[in-house]
Amino acid sequence: MSVYICPVCKAPLLRYDNVMRCQNRHSYDISAKGYVNLLGPGKASRGDDSEMVAARRRFLSAGHYSPLREKLCETLQSAEFETLLDAGCGEGYYTKAVCDSFPKASVYGLDISKKAAEKASSLCKTAHVCVASAYDMPYADGSFDCVLNVFSPLTAEEYRRVLKENGALVMAVPEPDHLIELKRAVYDSVFIKEMKDSDPEGFEKTGEYGIKYEMTLDNAGLKDLFTMTPYYHKTSYHDKSRLDGYDVMTVTASFRIFTYSVKRRNNV
Ligand SMILES: C[S@@+](CC[C@H](N)C(=O)[O-])C[C@H]1O[C@@H](n2cnc3c(N)ncnc32)[C@H](O)[C@@H]1O
Ligand SMILES: [Zn+2]
C-alpha cells in the first residue's frame, strides 16, 4: 500500500508504471530520475537552486560532514524504524547513508527543490523521493516510524501527522559557533545567537548529542560551503569576494542532534 496521497484531493495515490494516480484521476508522472513531483497544480518548486545543490553535493562528497552522517546513523539505530522520511533531504547525502545502513527499511525523501530531489533520487535508487513542501506533505496520516530533519524547515504539526503514534524525530541543527571563522571572514560583524531551548510542539525530547570538530578547507571547499548556506543569496558580491583572499582556512563544524518522540495524547 502506497503512503502517498494526492496533493489535490488527498485520496491515496497508486502507482501504474511511471505514473501515480488517485481515484479522482489526478495523475503525476514519475521522472526518468525516479522522483515524483507532488507539489500540486500552480505550486512552483522553490528551495535550494541548482548552484546551491551542486555546491552541497561537492562539499558533502568530500567527506567534511561525515562525522555528522555517522553519528546520525548511530543515533537512528535506537529508533528501530521500518519506515523513515528524510524531510528536506537536499541532494540525498543523509538519505543515502540511511538506505545503506538500514537496507531493510523503506526510506522516503522530500524536498521542495526539484534540483535537489533529482540529485537525491539519482544518488539513492532505493529511496522514494518526491518534490513537495514540508508544510503540506503528500503522505497519509501515521505513515512513518521516524522523521529525519537535517538543517531543514521544521513543520512540527505536519511531522506529527505523518508519524505513527510512537514515532520518533531525529533532528540535526547547527550550534551558534558553527562556521564561525567563515562568517567572520565574510562579514564585518557577526552576532552569535543563542540556540532556542524549546522542544517542537507535540514532541518530547529523548536525547541530545553535540558534535564539534575542525575542518581544513581549501578555497574551493570554502566557496562551496558558503554557497550551500542560506546566507549565500543574501550576501553582497563584495562580501562574498572576501573569500578570494583565503587559500586555506580552518573552520569549526559544530552540530547538535536532538531526538524526540511524539507526545502521547494523555500527556498533552
Ligand atoms: C540546508 S538544506 C539541507 C539539505 C539536507 N538535509 C542536507 O543537510 O544536506 C535545506 C533543504 O530544505 C529544502 N527546503 C526549504 N524549504 C522547504 C520546504 N518548505 N519544504 C521542503 N523542503 C524545503 C531546501 O530545498 C534544501 O534542500
Ligand atoms: Zn486526487
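We did not get these values from a lab; they are worked out from the coordinates using the rules stated. Remember, predicted model here, so these are calculated numbers, not experimental data. Here the Cβ positions follow ideal geometry from the backbone for every residue, glycine too, while neighbour counts run over all protein chains shown.
Numerical summary
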| quantity | calculated |
| --- | --- |
| Segment 27-94-segment 215-248 distance, computed between alpha-carbon centres (Å) | 23 Å |
| Other-chain or far-sequence residues with amide H under 5 Å of Val147's (modelled H) | Leu85, Ala168, Leu169, Val170 |
| Stretch gain in nm, segment Glu194-Thr252, where the contour uses 0.36 nm per residue and the Cα spacing is subtracted | 19.2 nm |
| Two-site label geometry, Lys10 and Asp49: point separation in nm, points 7 Å out along Cα→Cβ | 3.6 nm |
| Candidates Glu208, Glu194, Glu74, ranked by Gaussian network fluctuation over the chain, Cα under 10 Å, top entry | Glu194 |
| Phi-based couplings in Hz for segment 182-193 (Karplus 6.51, -1.76, 1.60; Gly and Pro marked x) | 5, 5, 5, 6, 8, 10, 5, 10, 10, 9, 8, 7 |
| Placed amide H near Glu175: partners under 5 Å, 5+ positions off or other chain | Ser254, Phe255, Arg256 |
| At q = 0.16 Å⁻¹, base-10 log of I(q)/I(0) for segment 132-268 (Debye sum, equal scatterers on each alpha carbon) | -0.89 |
| Shape category assigned to segment 58-140 from the gyration tensor of Cα positions, a/c cut at 1.5 | oblate |
| Long-range HN-HN contacts of Val19 with modeled amide H, under 5 Å | Ile30 |
| In sequence order, calculated HN-Hα J values of segment 164-177 (Karplus, 6.51, -1.76, 1.60; Hz; x Gly/Pro) | 6, 3, 9, x, 10, 10, 10, 10, 10, 10, x, 7, x, 8 |
| Mean Kyte hydropathy of -1.0 or more with a Cα span along the axis of at least 15 Å, helices from DSSP in the chain | 50-61, 66-77 |
| Over the chain: helical MRE at 222 nm, DSSP H runs n ≥ 4 each giving -39500 (n - 2.57), nearest 500 | -7500 deg cm²/dmol |
| Using alpha carbons only: equivalent-ellipsoid semi-axes of the chain, gyration tensor based, whole Å | 32, 22, 17 |
| Burial order of peptide ranges 229-236, 251-258 (average beta-carbon count within 10 Å, highest first) | 251-258, 229-236 |
| Along principal axes, Cα extents of segment 29-98, largest first, whole Å | 40, 30, 20 |
| Computed FRET value (nearest 0.05) for Lys71 with Val19, which takes r as the C-beta separation and R₀ as 41 Å | 0.55 |
| Rule-of-thumb Rg ratio for segment 101-196 [Cα; 2.2 N^0.38 Å; N residues] | 1.32 |
